[in-house]
1. Return the total of residues in the stretch 1-37 being assigned to a strand (DSSP E or B), open to solvent by less than 30 Å² (accessible area, probe 1.4 Å) and either touching a Gly at 6+ places or on another chain (Cβ under 9 Å) or not hydrophobic (A, V, I, L, M, F, W, C) (or both).
2. Of the residues that sit in the stretch 272-294 and are free of Cβ contacts under 8 Å to residues at least 40 places away in the same chain and hydrophobic (A, V, I, L, M, F, W, C), which one is surrounded by the fewest Cβ atoms within 10 Å (Cβ to Cβ)?
3. Name the helices (runs of 4 or more DSSP H) wholly inside the stretch 65-163 in which the number of residues that are among the aliphatic types (A, V, I, L, M) and at pLDDT below 80 is 3 or more.
4. Give the stretch 324-356 a look and list any residue that's closer than 14 Å to GLY234 by Cβ and loosely packed, with under 14 Cβ neighbours inside 10 Å, or say none.
5. Only residues that are assigned to a loop (DSSP other than H, G, I, E, B), open to solvent by 50 Å² or more (accessible area, probe 1.4 Å) and modelled with pLDDT under 95: list them for the stretch 38-61, please.
6. Quick one: is GLU14 of a type in the set (Asp, Glu) and under 27 Å from ARG230 (Cβ atoms)?
7. Taking the condition of being under 14 Å from ILE20 (Cα atoms) and surrounded by fewer than 16 Cβ atoms within 10 Å (Cβ to Cβ), how many residues in the stretch 255-271 meet it?
8. Taking the stretch 217-241, which residues are under 13 Å from the mean Cα position of the chain (by Cα) and open to solvent by less than 20 Å² (accessible area, probe 1.4 Å)?
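The values are calculated or read from the model by the stated rules, or taken from the named source; none is laboratory data. Quick caveat: nothing in here was measured; it's all calculated off a predicted structure. In this analysis, Cβ positions are derived from the backbone assuming ideal geometry, glycine residues included, and neighbour counts consider all displayed protein chains. For the accessible areas, the whole protein counts, side chains as well, though only heavy atoms, and no ligand, DNA or RNA atoms are used. Shrake-Rupley method; radii C 1.70, N 1.55, O 1.52, S 1.80 Å.
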Amino acid sequence: MSRIMTFLGDGSRERTTLAIATAKWFARQGKRVLLATYVNPSTELLLETSLSTHPQSVESHLQVVQLQTTVLLEQAWDEVKKLVSTYFPDSFSEQIYPAELIILPGFDSFLTFNALRQYYQSGSYDVIIYSDRENLEILRMLGIPSALDWYFRRFHQIFADLDISEIANSIGGPLAAAILHANIDRQKMQEGLAQIQHWIEQGVAVVNDASQLTAYLVTNDTPEAIADTRWCWGSAQQINLTVSGVLAYQDRDLSREAIQSAFTPLAVHHISTLQERNWEAIIQELPDFNASISVTPPLNIDLVQRQVHVFLPGFHKKQVKLTQSGAEIVIEAGDQRRQIVLPPELKGKSVQSGKFEEPYLVISF
């Protein structure tokens, strides 16, 4: 089974350096490793090689690929054409070329997720290390399956029940004619929706499984770095992403007490900074990424006490908002929303109280 690792926290260059060191750590063990990074000149400088938009070998067992949105769109276009051709004439997709498409803001996250999905399912790699410059972009990208799951649960029946002919007649004109002449088959649409649901369920399962996807925090002992990294820690809980530990990375002696206190109960590993491309020194200080680690679960439901405990380190009371919608509760924190589906025992019951007792939001029914 493949696994994916990523890094969140303070300093883009620091996280990139540790992502490369981790990729080398796994490669030294004979694992087939892919380091996937977005366009980032510092990565090429650290690896001392020019990167390509296709995986290339940089050392034994280690390949690196530079993810570029325009190229990812072209690579994904064949899949899009196959999907579209099920419902529309071939001429519809043949008149559109990927090179002319404008990439909307946020669409790059979907393309990145699709690329990682393909590499993950290819069976060509044992470990995929994903490195990006922006923490929130990583979180939003990895949160795509759970977000799509919510939308699919809300709207898939609406799409399945659509009467295309009624829609076309209400629109009228040439567009209506194009819709009516489209090769739309209700059975094919149902099959397509079932396939989409399967993809979503697979994505949710990977993100929620620490053996398949995990993150490490990167920080130093300055108050600003600790605050930023704790925010990333709490935000990771919002997408149910397991954080396995902390890498304290700096070229001076760090205040071990300050870092350990801020990130308890996570294990903190102190890593020296890279000096003169001496990767071996850093690799030897990295934790055992293969070790089984017990971490605090993002969510705990106590049916006896009729309480839901949501783990949200790094936030304070004013940064957390709780609402209830039918059989779900919605948590807003870290510029993200998380929908929690209540178990049958709590469905139909109203929230009696929501109290933030750092680092937990305790919801009582």
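1. Step one: filter the stretch 1-37 for residues assigned to a strand (DSSP E or B), giving 3-9, 33-37.
Within this subset, residues satisfying the condition of being open to solvent by less than 30 Å² (accessible area, probe 1.4 Å) are 4-9, 33-37.
From what is left, the residues that are either touching a Gly at 6+ places or on another chain (Cβ under 9 Å) or not hydrophobic (A, V, I, L, M, F, W, C) (or both) are 6, 9, 37.
Total meeting the criteria: 3.
2. Across the stretch 272-294, the extreme among qualifying residues is ALA291.
3. On the way: elements: 69-85, 90-94, 107-121, 135-142, 144-160.
Here the list reads 69-85.
4. ASP335
5. Filtering the stretch 38-61 for residues assigned to a loop (DSSP other than H, G, I, E, B) gives 39-40, 48-55, 60-61.
Those still in the list that are open to solvent by 50 Å² or more (accessible area, probe 1.4 Å) too: 39, 48, 50, 54, 60-61.
Hits for the stretch 38-61 are VAL39, GLU48, SER50, HIS54.
6. Details: of a type in the set (Asp, Glu): yes; under 27 Å from ARG230 (Cβ atoms): yes.
Criteria met by GLU14.
7. Our first condition is that a residue be under 14 Å from ILE20 (Cα atoms); within the stretch 255-271, this holds for 271.
With the extra rule that they be surrounded by fewer than 16 Cβ atoms within 10 Å (Cβ to Cβ), the set shrinks to none.
The qualifying residues number 0.
8. To start, the set of residues in the stretch 217-241 that are under 13 Å from the mean Cα position of the chain (by Cα) comprises 232, 235-241.
Listed by number, the residues that qualify are CYS232, SER235, ALA236, GLN237, GLN238, ILE239, LEU241.
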